[in-house]
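Take a look at the structure set out below.
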C-alpha cells in the first residue's frame with residue numbers, strides 16, 4: 001500500500017453517505033492502521049472564525065478578513081484542526097505534504113487571532129476518519145478518486161466549485177464516470 005497522505009480524495013457522484021456527497025477531502029494521514037483527512041469544501045453553517053474565537057475567549061484583534069469555519073468531517077466535531085502553510089510550526093504541528101502542516105492546539109488559534117499565524121490556513125471542526133484498511137476498500141469500491149493537492153484549491157474561498165475543480169485536475173468528465181469498479 002502506498003500512502004495517499006498529502007493528496008485529495010474526491011467523492012464519486014454516486015457517493016451514498018450524505019455527509020460526503022460532492023466532498024473534497026485533504027488526506028492528512030494514510031497508513032495501514034488508520035487514515036484521517038479534512039473536508040475542504042463544506043462549512044459549519046455561517047460560523048466565522050471571529051465568532052468561534054470570541055466563544056473561546058481568544059482575542060481576535062489581529063484577525064485578517066472574516067474566515068469561515070469548515071466542517072472537517074463527522075468524527076470529533078467538537079475538536080478543531082487548522083490546516084495551514086508550513087511557515088508556522090509549534091511542537092505539536094504535524095507536517096502533511098508539500099509545504100503544508102496540521103496543528104490542533106489553542107496556540108495556533110491565538111497566533112491567528114493576533115495576526116501572527118500561518119500565511120494560509122483554515123480551521124475545521126471534526127475530521128473524516130477510517131479504520132485499518134477501510135479507506136483502501138472504499139477506493140477499490142470506486143467511492144473516491146485521488147488527486148494531487150495544491151494551495152489554491154485548498155485555501156481559496158470558492159467552495160462551490162472545489163469538487164468540479166478537483167475532478168478537472170484529473171481530466172475527469174462527469175458524464176463519463178461510472179459507479180462500477182474495474183477488476184482485472
Practice task
Report the residues of the stretch 34-50 in range of a label on residue 137: point 7 Å along Cα→C-beta, backbone N strictly under 15 Å from it.
Solution key: 34-35
Problem - Rotationally averaged projected area of the chain (alpha carbon convex hull; nm²) - result: 10.7 nm²
Completion exercise
Simple SL model, points at 7 angstrom along Cα→Cβ for residue 76 and residue 170; separation in nm is 2.8 nm
Exercise for the section: Counting other beta carbons within 10 Å of each Cβ, put 122, 81 in order, fewest first. Expected result: 122, 81
Practice task
Out of all DSSP beta bridges with both ends in the stretch 7-172, state the antiparallel percent to the nearest 5.
Solution key: 95 percent
Completion exercise
By Cβ neighbour count within 10 Å, fewest first, 36, 94 rank 94, 36
Practice task
Pop a pseudo-label 7 angstrom from the Cα along the beta-carbon direction at both residue 86 and residue 32 and give the gap in nm to one decimal.
Solution key: 2.6 nm
Problem - Linear extension gain, residue 110 paired with residue 51, 0.36 nm per residue minus alpha-carbon span - result: 19.9 nm
Handout entry: the chain - mean residue ellipticity at 222 nm from DSSP helices (-39,500 (n - 2.57) per run, n ≥ 4, rounded to 500)
Key = -5000 deg cm²/dmol
Exercise for the section: Would you compute the Debye intensity of the stretch 1-108 from its alpha-carbon atoms alone, equal scatterers and no solvent, and pass along log10 I(q)/I(0) at q = 0.20, 0.23 Å⁻¹ to two decimals? Expected result: -1.22, -1.46
Fill in the blank from the handout: Note on the stretch 52-137: the mean projected area of its alpha-carbon convex hull, in nm², is 6.3 nm²
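Read the figures in this text as sums done on the coordinates, not as results from a lab. Predicted model, so just to flag it, every value in this text is computed and none were measured. Note that we place each Cβ from the backbone using ideal geometry, even for glycine, and neighbour counts take in every protein chain shown.
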